[in-house]
Structure formats: structure tokens, C-alpha cells
1. Kindly indicate whether any position in region 804-816 is over 19 Å from the mean Cα position of the chain (by Cα) and closer than 28 Å to ILE121 by Cα.
2. Return the total of residues in region 784-799 being among the basic types (Lys, Arg) and closer than 13 Å to VAL941 by Cα.
3. Can you confirm whether LEU940 is out of contact with any strand residue (DSSP E or B) (no Cβ under 9 Å at 6 or more places or on another chain) and under 21 Å from SER82 (Cβ atoms)?
4. Does SER981 qualify as being among the small types (Gly, Ala, Ser) and within 30 Å of LEU798 (Cα to Cα)?
5. When residues of region 402-427 are filtered for being at pLDDT below 80 and not in a loop (DSSP other than H, G, I, E, B), how many remain?
6. Restricting to region 850-874, and then to whatever is closer than 17 Å to LEU127 by Cβ and under 17 Å from the mean Cα position of the chain (by Cα), can you tell me which residue is surrounded by the most Cβ atoms within 10 Å (Cβ to Cβ)?
7. I'd like the full set of residues that are of a type in the set (Gly, Ala, Ser), at pLDDT 85 or above and not in a strand (DSSP E or B), limited to region 1023-1050.
8. Does at least one position in region 893-912 carry a residue that is closer than 30 Å to SER310 by Cα, part of a helix (DSSP H, G or I), over 42 Å from the mean Cα position of the chain (by Cα) and among the polar types (S, T, N, Q)?
Amino acid sequence: MSKAQSQDILVLEERQPKKKKKKKGDNEDSVPPKDYPKGWLMKTLAKTFQQNLLLAVAFKVVHDALVFVSPQLLKLLIAFVSDEDSFAWQGYLYAILLFLAAVIQSLCLQQHFSLCFQLGINVRASLIASLTMSGATRKESTVGETVNLMSADAQRFMDLANFIHQLWSSPLQIILSIVFLWGELGPSVLAGIATLLLLLPINAFLVAKAKTIQERNMKNKDERMKIMTEILNGIKILKLFAWEPSFEKRVNEIRAHELKNLMNFSYLQSVSVFVFTCAPFLVSLASFAVYVLVDENNILDAQKAFTAISLFNVLRFPMATLPMVISFLVQVRPTQGRGCRGILSLGFPLSEGHLSLSGSAVRFSEPSCLCSVTLDIMPGSLVAVVGAVGSGKSSLVSAMLGEMENIKGHINIQGSLAYVPQQAWIQNATLKDNIIFGSELDEARYQQVLKACALLPDLELLPAGDQTEIGEKGINLSGGQKQRVSLARAVYSNADIYILDDPLSAVDAHVGKYLFEHVLGPKGLLQKKTRILVTHSISFLPQVDNIVVLAAGAVSEHGSYSTLLANKGAFSQFLNLYGNQEEDVSEENTAGTGNTVGLWQLDMGMDLQEISLSKNTLWAARWSPKAVLGVTAHGLMGSIGPQVKFSMYLRYLRAVGLCFTFWIVMGYVGQYAAYVGSNLWLSDWTDDSVRYQNQTYPTQQRDLRIGVFGALGPRALLAALFLLFATMLSARGTVRASRVMHQQLLSNILRAPMSFFDTTPIGRIVNRFAKDIFTVDETIPMSFRSWISCFMAIISTLIVICLATPFFAVVIIPLSIFYYFVLRFYVSTSRQLRRLDSVTRSPIYSHFGETVSGLSVIRAYGHQERFLKQNEITMDINQKSVYSWIVSNRWLAIRLEFVGSLVVFFSALLAVIAKGTLEGGIVGLSVSSALNVTQTLNWLVRTSSELETNIVAVERVHEYMTVKNEAPWVTKKRPPHGWPSRGEIQFVDYKVRYRPELDLVLQGITCDIGSTEKVGVVGRTGAGKSSLTNCLFRVLEAAGGKIIIDDVDIATIGLHDLRKSLTIIPQDPVLFTGTLRMNLDPFDQYSDEEVWKALELAHLKTFVQGLPERLLHLVSEAGENLSVGQRQLVCLARALLRKAKILILDEATAAVDLETDHLIQTTIRSAFADCTVLTIAHRLHTIMDSNRVMVLHAGQIVEFDSPEQLLMKQGIFSAMAKDAGITAAESTAL
């Protein structure tokens, strides 16, 4: 939301400070949420917004009273026309009074609505604020569900606030109408009321039925959104493994259930609409028939009939809205439950206070637990926590942060905390904001931190230095950069206790060393602080004060490095296994610190040189300012066309089916034709009272009249049947449209190239699937239906008036011109405001999603307040546009209702002028129709603008349906069966760039990799290592040259044929919700034996056998219930299952401890002995045993030879090796 835009909206002064909803449960925190009184949420809301509610009631009462004045005036007017001797001035007086009543009525109603909408906004704001406050604690609900709570459910509350008054106003209007009707028709009204009462149970039944469907669908929607969010978060993995079809199938299955429910819901709706259309007609038929049949003397004259009919018309509105409000309440009920749960699940209180864990047993909701850990950590010491994968290191950290339930014992912390998580959490803000993280800026300290965290060279690379906007989830930073920013944030915060969960895993060896020396170690910036360091790297252990060894959730031993070595326990065995390779590193560490700094400066010099050399570092590629601007500008302006194009309506109707559309319209035409016919008939009947003034009424005449009135009746049965036909058809058609649109959207998004996902915030795509698809499913069909019926109603009313007083046709012309201009003006404004609403709404959700995912970090730093504040600010920006939109609605309504009042006035006036020539019946008909038209005119604009706003959803969905796709998944040219059989890879002068407008990332690479060769790829950050894998999988398409695998040019075959034949173990292990088995083999193409075999090779067999559900163990969102190391092993198992001839290992060993690392290495050596393996490494140890090493620099191969050869010649590789403490002698030993 740019500044200019927000200033355009409205400068709203804060009149009253926003009252936050008083949260119940502040005082009774101890009570578990289950015990709240059922409707506490509603009660709290009512208490908070008392004043607003009362004012609205007052206006509504005045309005309701005036509604009943009009029929009485109409009665007088008809009497005046029928009476030869009355004075002309009386007629004019009645006409003017009718006009005034209409105007005042409209003013009151608009005031009332305005208040209602304000209430709605406030309720939504306070709900969202409370949800954020409770941090919608991760424990019970996934991010997807929480965002759903915020978007759809808070919106529902807002809509309910607008209707809530109908709950008392409708019954009031019904009672008043009955009283007046009794005055007109006497006891025979009871016949009508009896009919009404008979209809109520039918309605109640329909509502109950609809409720169950609605609840079922809520579950489906949540489920679908959950999977969609996961798909979008893990889209890269899906692409690399060619798994899209499997997930597409999963989503489509859920969607099919959802649509089936939707269809039933629509059918129910059309039945209840049918019942309601029949209601007033059946009621008036029953009343009139009884009235005429009871007594010979009861003659239905114009006065009686039309007063009664306009009263019945008044009845129609409350009777129609009452069930609507009830059904709305029904929708809010499940929501209210979810809302309460969301608000009540408040976060854990952090226990204040030096750090000691005494006999703490801690657990997540998952079985992973720490059993009685007792630790005492002295201020200012550096403690390392080591242990195998899954031994509970991360759990220990969570326990210290208070993120886990403490079952027994206590955790005591004195002083402030800073926390560096295992997987860096980066906010969507500038780099500087990410580091300062809401503290005051202290420039000297800031620079010191940047230097210590080795961020200065990176700043040189960034397009805007430390002012560079970092995308969602830190998308434009490399893993190592993210980790360093995360560390810098902790260092800058200047806390007392630092909890560091493996911060050195994602960075290169030499950078890790630098960070340890300058930040964490005994000489670093943090030397005086208490530091708890979870680590996998042995080389730093000699320098720490204390080492804690965890095994299976308990402390197996702790003490200093030397004591542990002397103890000859698990730790010393562990060291003897892995230590030798790193021992001399530590010697070098203790000896020559000066040396390494010198080296580092040399590296920096290199980096700088590299920058000047090549503008095409990965960086510039991913995020050059120009590209970014283009992207964001497009994103914001994405759909602000001058006007919604007519083609959108056509596109939607085409999705419904043109044949369907035609018959739906015909149904509505039929309905209104029947309606007009019946009214003309009635006016003729009432004129009988004049015709047979002094004689008894002929019986057969009477029966004929009632019979035909029954056949045509006002809103006659026929009309109702036409309507039923139309709504049933539209239910089928609209569900069909929903199906078509969602399917196209989904399949297109899954086929979009990776660059699309890098430049589009995920929130925006999710929004398409949540809000816009919801609109297409539920809102547009309703809008279409009401639009058609409003339009037809107006046309039919005008026809009736013109038949009565032909002069009226003259008045119609200026009125319609005025109407049209108001309409155009309003609709365009309203549309832009609605667009601003949706543009400003996205940041709320993305900020919220970000907050939830970084919750442990935010809580650790104690920054909850700041994030709440930020959330409120984003809310306010959104509220501004919503409020403006509401006010513009009121502006419109008053002008339109004025037009309606004029129609009433002229039809009455013309009747008075033409007094002598008119029958009472036809005057009654014309004025009672006119009284109806006001509301309908208003609704017509409302629905047309609503339709136009909602059709934007079709436009937005369409925008993503037309995203350029990547190459086809399968082409005519299929590779031979069993390809690649040898696994030879040739690069021929291969060039690639991230996007057309950017520089090359790889500048003409040429090399041959032989069959079953093991090749290591090394290079500094941004040298193009990961681009290499992306090219092999054609995530990036070539800008020149080609890659040939086993004599097949990979650019000529389909993507899936290519990707299914390669295997990758990716950098960050991504798992999906579902069973473990689904995560390994989503297409069910392997037998259970094969799956177990793969698990055994990946050293996960024992773990999986220990789970209660074995292979069907449910993995939670993003694999949260497995440790990072286990996730990595699952990814290894995936690769083992695939058994492709070519394996690419992308830095897969970053987040695991040495033991697991060792496991993975040995497994790969044995299991993939007959495959070609490309390893992209940060740690040189992993590739010292490869056949050849490829050294990339600035997108070109600078060295490519066996590691021994490269160590001999003094090149880049040997410099890097020296950094990592590897000598030529050692590599041969390996």
C-alpha cells in the first residue's frame, strides 16, 4: 500500500480510542477454556458496543413505524379517487404526505445501516486483534486454519452485525402488519396467519439441514487451504520430484466433496426461496378467499384489497429477512466456537527470572520429550549442547524459551533472552529492520555487529545495501545469509542470555570459524554473556566452558572438554570417531588467530573483486531493483483496470454454460409475467365492487375470480414455479462454473515456472484460492440471482404504472437518466474502494502468517507488543478503505431512495390529476407497485455494484489462470525406456539467467561428467552452485547452449520425463502433511517392502518401527513433529526409493550432527556406488573423496580436477581447503 494511495482514501480522525474487546479470562486464567459460558463472545461484544446498538434501534423503530403509514395514506388516496365529490386539495395533500413519509423513512433507514456497518467494522477489528494477541497459539491450529479464522470467519461476524437488528425488527413489523390487516379484513386475516405458521416448520427444517452442510463444508475448506498452503510452500520440491499430479489429485478430491455439499446447499436454498415466494401469495389468497366466502356482504373493494396487499408486501420483507438472519446466525455459530477457541488459546506465560532446569520433564503435544533434565548454567559461560539427531537438543531449547509444556520441575531464567533458531526466521522488511528488530538504532553498535557477523561483503552485493527489502520468508537471501542476519539480530539485541540453536550449520566453514571467533567464542562480542550453543561442529568444542551431552532426551554427561575426554564416556568415543579429521583445525585455531583474519581479509578482497567482476551474481539475479519494482507494481496494480471488463461476465456465464444461462433468464421472465398478470386481474376484481354496487355479488362470478386469482395470484404459484425452475438450474450452473474455474486455476498454478513463485508472495496466491474461490462459489451466484430478480421486478412495476397512468412514461425518462448517472458514478467509486480493501487486506494476513511462523523468536525477544501494534496499524489502513466504502454506500442509497420517492409521488399525483377517468382499482395497483419500487431500485444498484465487485474475483482468478506455464510435462518426444542408463552428463557452452531482463548467472559452462563419477561442486556464495542444479532439472531454462544426458538433449523432452529420472536431496528438507508413506511415495508406486528397505538404508527403520502407526504415522504441517535431522533422513529415504542413475546432493548435510552426516555419507557411498553423484558442498570434508571437484567462480568453471591435484596447485580450492584446515596429506589419508 503506497503512501499516496492511503492518503487518497480518507483522513479519518480517531474519534474515540479503539476499545479493545475486553478479554474475559484475564482474571480467570487458570480455568481451562472449556468452562467458558457458551456465548461469552457474543455477550462481550454486545457490552462493548452498547451505545451503537441503542442508537441503531432508535432509528429502526422510527423507520418501522413509517412503513405502516404509507398503506394508510394509500387507503385514503383510493377513497379520494373513488369519491366523486371530494376536494382536489385533499388529493394533493395525500400525494405530498406519501412523498414525505418515503423520504423520512429512507433517511432513518440509512442512518441505521450506517451505524450497523460501523459496528461490523469494529467487531471485525477487535476479533482480528484478539486473534493476533493470543498468537493463535501454534499448538492447536496450523497457520492455514488461523489465517482462515481471520479472513473468512471475522468477515462473517462483520456481515452478521449488519443484520443483527432484523432479529427484533422483523417480528415487530410482522405483528404491526397483522394488527392493521385485522382492521381491514377482520378475522379472516387469521386464515392468512395460519398459512404463515404452517410454512414456518418447513423453513426451520431447511435451515437445520443447511447448517449441517455448511459445517461439513467448513472442514473441507480448511483441509483444502491447508494442503494448498503446503503445496505453495513446498512447490520447489514438488517440481524437482515431479509430484504435482499426486497433489493436484488430493486437492481435487477434497474440492469434489466441497462442491457436492455446495450443490446440496444451493438446492436447499432454492427450495426455501420457493417457499418464501409462495408465502405472501398463499397468505393473501387465503385471506381474501375467506373474507369473501364468509359473508355475502363482504365485498372486496379497491380500498380494502390494495391496502391489504401493500400490508402483505410489508410483511414480505421481514418474512424474507428473518430466515436469512437466522441462517446467518447458523453460519456464525461454528465460527463463534472456532473464534472463541482461537482467542482463548493464549500463549504460555514466560517464567521470569539465571538459568537452571531442575528435573524438568517437558513435552510437545508430540511424544518427543525431555525426561528430567537437570542443568545449572553460570552467568557469562559458554555452554555447548551436543547429541545425536533426535536426542532432544531443540526440545531443550524450546523448553528454555517456555515454548513447551512443563510437566514437572521448573525452569528458572534470570535476565533477558535472545534466540537464534535452527531455521532462520526473516521478516518481510528491510535488512536493517531485521537486525535492529524494533530496538533503538545505535549506529556504532550496528556497524560493529555487521562486521562481526560477516555481513559487510553481503551488503555490497545487495541492490540497496542494508535498505534492501527482503521478500517473504527471506526469499532473496541465501541460507547462510539468512542465518547470519538471524545471528546479527540476536547480537544486536544485547540480551543477557543467548540461546543459539545450531547457528553455524548453514554457513561455509571459513565463515563459521570467523563467526565463532568474532561473536560466540571466548574473544568474541558476546564474551561476557551467558551463551548456550547447540552445535554439530566439533572443532569449536575445545574452546567452550562446558559441554552438555544429550542422549534420548536426558543429559548423559556434562563437563568441560578435557574432563569429558578423560571420562572415556559416550562423548570421547564420539570424538575419536569423528575428531581426527578436525583435530588439527582446533590446534590451528588456538594458535594462529591472526592468520585466519588475514585469510578472511584475503577472502573479502576476493569477494569484492568478484562483485566488480560480475554483476551477475546470484543476488543481482534474484532481486535486481528494477525487476522487483516491476513485480510489486504489477502486483498492486494487478487488477485496477478502468472498469471490470464485460468479458469477465461473459467468461463467468460461459463457465456456467450459455444454454443454462438462457433458461435461467427465461425462468425469471416467466415469473414476472405471471406476477403482472395476476395484479391486473386483481384490480379488475376490485372494480367489481363498483359494478355490482347495490346488488348481491353473483356467486359463479365470485368463484371464477378466486380461481383465476389462485392461478395467477400476486407472486402466483406459477411465478413461484418459474422461480423454482430458475433457481434449481442456476444451482447446477454455478456449481459447474466453480468446478471449472478452480480446476483451471489449480492446474495452471502447478504448471507455473519457479520464477513465478519467487516473485509472487505466497499470501497473494493463497488469497486467490481462499477468498476469490469462495466468492466464485458462494457470493457470485447469489448476486446474479438477486440482480436478475431486482431488474425484472423494476421493469414489471414500471409497466404496471404506465398501464394505469400512461403519462407516467414521460416522467420515467428524466428519472432514469438521473438514476443512471448516480449509478455509474457510484459503481466506479465503490469498485475502486473495494479493490483498495482487498489490496490492503493482504498485508494483514501476510503479517499475521509471518508473526505466527516466527512466534518462538518474537516471544523469546519479548516483542509481542510491537507485533500487535504493527498488526493494528495494518488493520487501520484496511479499515480506512472499508469505512469509505460503507459511507459511499449510504450516499448512494439516499439518492436512489429519493428517486423511488419521486416515482411514488408522481404516480399519486398523476392519479389525482386524472381523477375522473380512473377506477379505484387501477390507482391502487399503480401506487402500491410504486411504493414497492423504492426498495427494489436500491437493491438493484446494490446488487449490480456487488456483482461488479464480486466479478473482480473472476478477474483475479483468471489472471492466475493465464500465468505463463513452464514447458509441457510430457512431450511427443519421450526418452527411451530406462533412460538414463549410464548417467553421463555433458554441459555444452551452457548459459542461464534467472529472468529475461537480468544478467547471466552461468556464463557458458562446458564440461563432461562420466558415468558413475562422483563430482563435488564448490564455490563462494553466489558463484552459481545452486543454479547448476536448477538447470539440470530445468527449473531454469537455458539462455544458450545445452545439457546432454546419455545422448538426450534435456531441453527436448517433457519436464516430468526429465525430473522423474533424476533424484535430488534438497538443501532444506520439506515434508508435507499426510502419512510418512505418502511423503516417501505419493503415487503409491512402490511396495511396502521397498519402502521399508529404503528406510533401513536411511537409518530410519528403528525410529519408524517405534512409532505406533509405523508407515502411516501422520507428519504434521511442514514436518514439525520430526527433528530437522530426521526430516533430512526422510529426504534421503526418498532418494533411495527413487533409485535414479543421477543423484544431486544439495548441501544436504548442513543441519545434521556429525553422526548423521557420517550415516548419510556412507549410505550414499554404498547405495549410490553405481550412480553419478553431484555434491554441492559448503563443508569441504564431504567432497574430499570425490573423483573430481568443480570450482565455480562468478558463473564460470575455474578449476576442475581431482581433489589431490587441486590441493597441489595453489588455486582457489587450496585456499578454501586451508581455511577448512585440510592439508594435502590429510586428503590422501581419507
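The values are calculated or read from the model by the stated rules, or taken from the named source; none is laboratory data. None of the values given here were measured: they were computed from a predicted structure. Backbone-built Cβ (ideal geometry, glycine too); neighbour counts: all protein chains shown.
1. No, there is no match, as no residue in region 804-816 is over 19 Å from the mean Cα position of the chain (by Cα) and closer than 28 Å to ILE121 by Cα.
2. Going through region 784-799 one residue at a time, the tally reaches 0.
3. No; evaluated as a whole, the condition is false for this residue.
4. For SER981, the condition - among the small types (Gly, Ala, Ser) and within 30 Å of LEU798 (Cα to Cα) - is not met.
5. The qualifying residues number 8.
6. Here the residue is THR851.
7. Selection gives nothing.
8. Within region 893-912, one or more residues are closer than 30 Å to SER310 by Cα, part of a helix (DSSP H, G or I), over 42 Å from the mean Cα position of the chain (by Cα) and among the polar types (S, T, N, Q).
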